[in-house]
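One structure is given here, and the rest of the page talks about it.
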Amino acid sequence: GDSVTQMEGPVTLSEEAFLTINCTYTATGYPSLFWYVQYPGEGLQLLLKATKADDKGSNKGFEATYRKETTSFHLEKGSVQVSDSAVYFCALSELSNTGKLIFGQGTTLQVKP
Amino acid sequence: DGGITQSPKYLFRKEGQNVTLSCEQNLNHDAMYWYRQDPGQGLRLIYYSQIVNDFQKGDIAEGYSVSREKKESFPLTVTSAQKNPTAFYLCASSISGRRGNQPQHFGDGTRLSIL
C-alpha cells in the first residue's frame, strides 16, 4: 500500500541554519503531496502542497519540490528561526476517492538561538 | 472565521466509562476524519465520513464509535472496549471525501487521559 517515510529526528539546528527534512513516498500513480506543521499542544496546520510532478510548493520561507523520479518531497528552508521549532509531517493523498491522507511519522525540529 | 472546533481540550476517563469527543466545523466541508496521535508517532486514522449519514472504519476503529447526523458535526465516542485510550485525538475535515488530492484542515485536538 501507499506509504510515506520521513527522516528520523530530532533535528537540532542553530538559528539561521539551512534546513532539510527528507521525505520519500511509495504510491501507485501520482498523488498530491503535503507538508504539515504541528506546534506543541496544537493540531496540524497545512504548510505547503504540490499536486503534480515538478511542482514546487512554498510558504513562509519553506519550499518542497515534487520529484517523481526519486519519489521525494524534501522540505527546505534557507534560514530557520527559533519559532520554526515544531513537528513536521509529510503526507500524500490516496488516489482512491476517499479523501484519505497517508502521513509519515513526523520529524521534530529544534532550533536553538 | 471558519474552522474546526474540538472540545474539550482535556478529558479524563475512568475505568469502564465511555466518553465522547466533540468535533464541529463551519467550513461547509463534506468529509470529516478522526485521528489518534501517540507520543513520537504519526497519525493513525480511526474513522472517516465522506458525507452526512455515512462513515467508514479507518485503520484502528476497534473500541471507538462515531455518528454523522449533521454535516458540521462528527463526534467520536471512546468506549470501555478501548483498553489503551490515552492519546491526543485530532479531528479534520476536507472539502470533498470523494476526490483525492484535497488537503485536510485540523482542529486543535483533545488530550484524553485515564484516571
Could you check how many residues of region A:15-44 are facing chain B (nearest Cβ under 10 Å) and among the small types (Gly, Ala, Ser)? 4
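Filter region A:59-68 down to the residues that are assigned to a strand (DSSP E or B) and over 11 Å from the mean Cα position of the chain (by Cα), then identify the one that is farthest from the other protein chains (Cβ to nearest Cβ). Lay out the reasoning, then the answer.
Step one: of region A:59-68, the residues assigned to a strand (DSSP E or B) are A:59, A:62-65, A:67.
Retained after the next criterion (residues that are over 11 Å from the mean Cα position of the chain (by Cα)): A:59, A:67.
Numbers: A:Asn59: 12, A:Arg67: 18 Å.
Checked region A:59-68; the qualifying residue farthest from the other protein chains (Cβ to nearest Cβ) is A:Arg67.
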Among residues of region B:27-44, those that are at the interface with chain A (Cβ under 10 Å from one of its Cβ atoms) and in contact with a Phe, Trp or Tyr (Cβ under 6 Å, 6 or more places away or on another chain), counted: 5
Number of the condition not met by B:Ile51 [criteria: (1) surrounded by fewer than 21 Cβ atoms within 10 Å (Cβ to Cβ); (2) facing chain A (nearest Cβ under 10 Å); (3) of a type in the set (A, V, I, L, M)]: (2)
If I ask for residues that are within 15 Å of the chain's Cα centre (by Cα), over 17 Å from B:Trp34 (Cα atoms) and not in a loop (DSSP other than H, G, I, E, B), which ones from region A:97-110 would you list? A:Thr107, A:Thr108, A:Leu109
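Quick check on my filter: what residues within region A:66-77 are out of contact with any helix residue (DSSP H, G or I) (no Cβ under 9 Å at 6 or more places or on another chain) and closer than 17 Å to A:Val37 by Cβ? Break it down into steps so the answer makes sense when it comes.
Step one: of region A:66-77, the residues out of contact with any helix residue (DSSP H, G or I) (no Cβ under 9 Å at 6 or more places or on another chain) are A:66-76.
Those that are out of contact with any helix residue (DSSP H, G or I) (no Cβ under 9 Å at 6 or more places or on another chain) and closer than 17 Å to A:Val37 by Cβ: A:Phe73, A:His74, A:Leu75, A:Glu76.
Conditions (1) part of a loop (DSSP other than H, G, I, E, B); (2) surrounded by 22 or more Cβ atoms within 10 Å (Cβ to Cβ); (3) more than 11 Å from the chain's Cα centre (by Cα), marked per residue:
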{"residue": "A:Thr24", "(1), (2), (3)": "no, no, no"}
{"residue": "A:Phe34", "(1), (2), (3)": "no, yes, no"}
{"residue": "A:Glu42", "(1), (2), (3)": "yes, no, yes"}
{"residue": "A:Leu46", "(1), (2), (3)": "no, no, no"}
{"residue": "A:Asp54", "(1), (2), (3)": "yes, no, yes"}
{"residue": "A:Glu76", "(1), (2), (3)": "no, no, no"}
{"residue": "A:Tyr88", "(1), (2), (3)": "no, yes, no"}
{"residue": "A:Leu95", "(1), (2), (3)": "yes, no, yes"}
Number of the condition not met by B:Leu115 [criteria: (1) hydrophobic (A, V, I, L, M, F, W, C); (2) under 11 Å from the mean Cα position of the chain (by Cα); (3) farther than 30 Å from A:Gly9 by Cβ]: (2)
Any idea which of B:Gln56, B:Gln6 is farther than 19 Å from A:Gln38 by Cα, within 12 Å of another protein chain (Cβ to nearest Cβ) and either in a strand (DSSP E or B) or at pLDDT 95 or above (or both)? B:Gln56
Those residues of region B:65-99 which are closer than 24 Å to A:Ser96 by Cα, of a type outside the set (A, V, I, L, M) and buried (at least 21 other Cβ atoms within 10 Å of the Cβ) amount to B:Phe74, B:Cys91, B:Ser93, B:Ser94, B:Gly97
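The values are calculated or read from the model by the stated rules, or taken from the named source; none is laboratory data. Bear in mind that the values here come from a model prediction, so they are computed numbers and not experimental data. FYI the Cβ positions are ideal-geometry reconstructions off the backbone, even for glycines, and counts take in every protein chain you see.
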